[in-house]
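The values are calculated or read from the model by the stated rules, or taken from the named source; none is laboratory data. Note that the coordinates shown come from a computational prediction; the quantities given were computed from them, not determined experimentally. With ideal geometry, Cβ positions are generated from the backbone for all residues, glycine too; neighbour counts draw on all protein chains shown.
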Amino acid sequence: MLLTDGRRVGITAGSHAVIGNLLDKVAHECGGTLPNAVQKVSELIQGADLDGLTVTKKNEEVDGALDAGVRLVAGTGWLFAREEMDQRLDVLVVDEAGQLALADALACSAAAANLVLVGDPQQLPQPLQGSHPPGAEASALRHLLGDHPVIPADRGLFLDQTFRLHPHIARFVSGIAYDDELEATADRHRQAVGGDGDLSGAGLRWRPVVHEGNRTSSREEADVVAEVVGGLLTRSWWDHEGAAHPLDAHSGVVVVAPYNA
């Protein structure tokens, strides 16, 4: 819509992969071809492969493209924080702003008259190194929200539906993180694991493991995880459309552990 209205738009995020994903979505909305866009990268292999997109390693080529009338520019904060980009854009869209440091967002903001922050403020923030004054460690979105669990109506738009989670899981996540305002779409109730026992169905399951003194790794937990995953891989699961699929280790199971080992 912004491009259709003739606005000059910038896209930024913490990584080239995130930027490329958003450019891909924009191209889809534009019928498969971007309307004469340019992406600044460190290495050409990092650029998105899209019709209508020029990928460059040089800031000067981005500046020249804007002079020539290009209306969509993408790059990391290093591109937009430059003095040459000061007020060159009408709108700068910051994707995954829940992970972008407030200082980085402020450095980029001078490039545009308007700043749009997109993301989940409850997402884990960027890893931090060093000491900072209180509040300086916040992400751009967290700073905007303050103590609110969801964004107030006078500051932005909260998307209150998840298109991924089963209602049983969404209800739990909503209660601990989103002030009970997040809901799953109606079709997600079909998502379930087949078979019998406590691993079947949908929702949260607790499997207690007794151990002590494990500071960097836990063989006891690893053994139980292996047992649980092994049990899951013998089952099928149903998607939101009601179709059955076999569970596989590469795309069907994710293990999150408190240890890096």
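Summed over the stretch 222-248, the residues that are touching a residue at least 12 places away in the same chain (Cβ under 8 Å) and exposed (fewer than 12 other Cβ atoms within 10 Å of the Cβ) give a count of 5. Look at G47 and say whether it is at pLDDT 95 or above and crowded, with 19+ Cβ neighbours inside 10 Å. Criteria not met by G47.
Tell me, yes or no, whether the stretch 176-184 has at least one residue that is outside the structural domain of D120 (by TED's automatic domain parsing) and in contact with a His (Cβ under 6 Å, 6 or more places away or on another chain). No, the conditions are met nowhere in the stretch 176-184. Within the stretch 133-157, residues that are at pLDDT below 85 sit with their Cβ atoms under 7 Å from residues that are surrounded by fewer than 11 Cβ atoms within 10 Å (Cβ to Cβ) and outside any strand (DSSP E or B), at 6+ positions apart or across chains, in these pairs: E137/L128.
What is the one condition in (1) farther than 23 Å from W238 by Cα; (2) at pLDDT 95 or above that I176 does not satisfy? Result: I176 fails condition (2) only.
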